[in-house]
Amino acid sequence: MVTLYGIKNCDTVKKARRWLEQAGIDYQFHDFRSDGLEAHQVQSWVDVLGWESILNKRSTTWRKLPEDTKNSLGENNLVSLLLEQPTLIKRPVLDKQGQIHLGFKETDYQQIFS
């Protein structure tokens with residue numbers, strides 16, 4: 001089972017979806033905004049990828065956060081913030097049979113699905 005997590009209007013997510021479709025890979029798309037996220041799921045991504053990797057500091061949402069929130073952020077309070085503001089999660093998150101991958105690069109996807 002392959003699940004791609006992200007938001008449907010994200011350009012990188014669109015590229016990943018297009019690549020999967022062109023490669024003929026059957027996948028399920030899970031939109032952070034409309035489908036929601038579970039705390040245990042986000043925590044497992046943080047455990048596997050590291051909290052600093054999963055946090056999208058280039059997002060508009062990050063730039064709009066108060067400085068005290070940014071400065072006090074850490075592994076202990078990140079999951080609750082990501083559940084509250086899912087656009088802070090780097091996208092896409094690919095779950096291929098329990099293996100978690102972050103972002104999209106065509107060469108990486110070719111390796112993952114070879």
Considering region 18-34 alone, what residues qualify as being surrounded by 12 or more Cβ atoms within 10 Å (Cβ to Cβ) and without any contact (Cβ under 8 Å) to a residue 60 or more places away in the chain?
-> 27, 29, 30, 31, 32, 33
Residue check, residue 74 against (1) exposed (fewer than 11 other Cβ atoms within 10 Å of the Cβ); (2) under 30 Å from residue 22 (Cβ atoms); (3) not acidic (Asp, Glu), all met but one. Which one?
-> (2)
Every pair of residues 6+ apart whose Cβ atoms lie under 9 Å, when the first sits in region 35-62 and is at positive phi while the second is in a loop (DSSP other than H, G, I, E, B) = 50/75
For residue 61, all conditions in the list (1) surrounded by 17 or more Cβ atoms within 10 Å (Cβ to Cβ); (2) within 18 Å of residue 6 (Cβ to Cβ) hold save one; what is the number of the exception?
-> (1)
Is one or more of the residues making up region 55-63 in contact with a Lys or Arg (Cβ under 6 Å, 6 or more places away or on another chain) and part of a loop (DSSP other than H, G, I, E, B)?
-> yes
Hey, can you tell me all the residues within region 8-17 that are assigned to a helix (DSSP H, G or I) and exposed (fewer than 12 other Cβ atoms within 10 Å of the Cβ)?
-> 11
Can you pull out the residues in region 20-39 that are closer than 15 Å to residue 95 by Cα, modelled with pLDDT of 95 or more and either β-branched (Val, Ile, Thr) or not in a loop (DSSP other than H, G, I, E, B) (or both)?
-> 20, 25, 28, 29, 30, 31
Name the residues in region 75-113 that are assigned to a loop (DSSP other than H, G, I, E, B) and in contact (Cβ under 8 Å) with a residue 40 or more places away in the chain, would you?
-> 91, 92, 97, 103, 104, 113
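The values are calculated or read from the model by the stated rules, or taken from the named source; none is laboratory data. Since the model is a prediction, treat every value here as computed from it, not as a measurement. Glycine also receives a Cβ, built like all others from the backbone with ideal geometry; neighbour counts cover every protein chain displayed.
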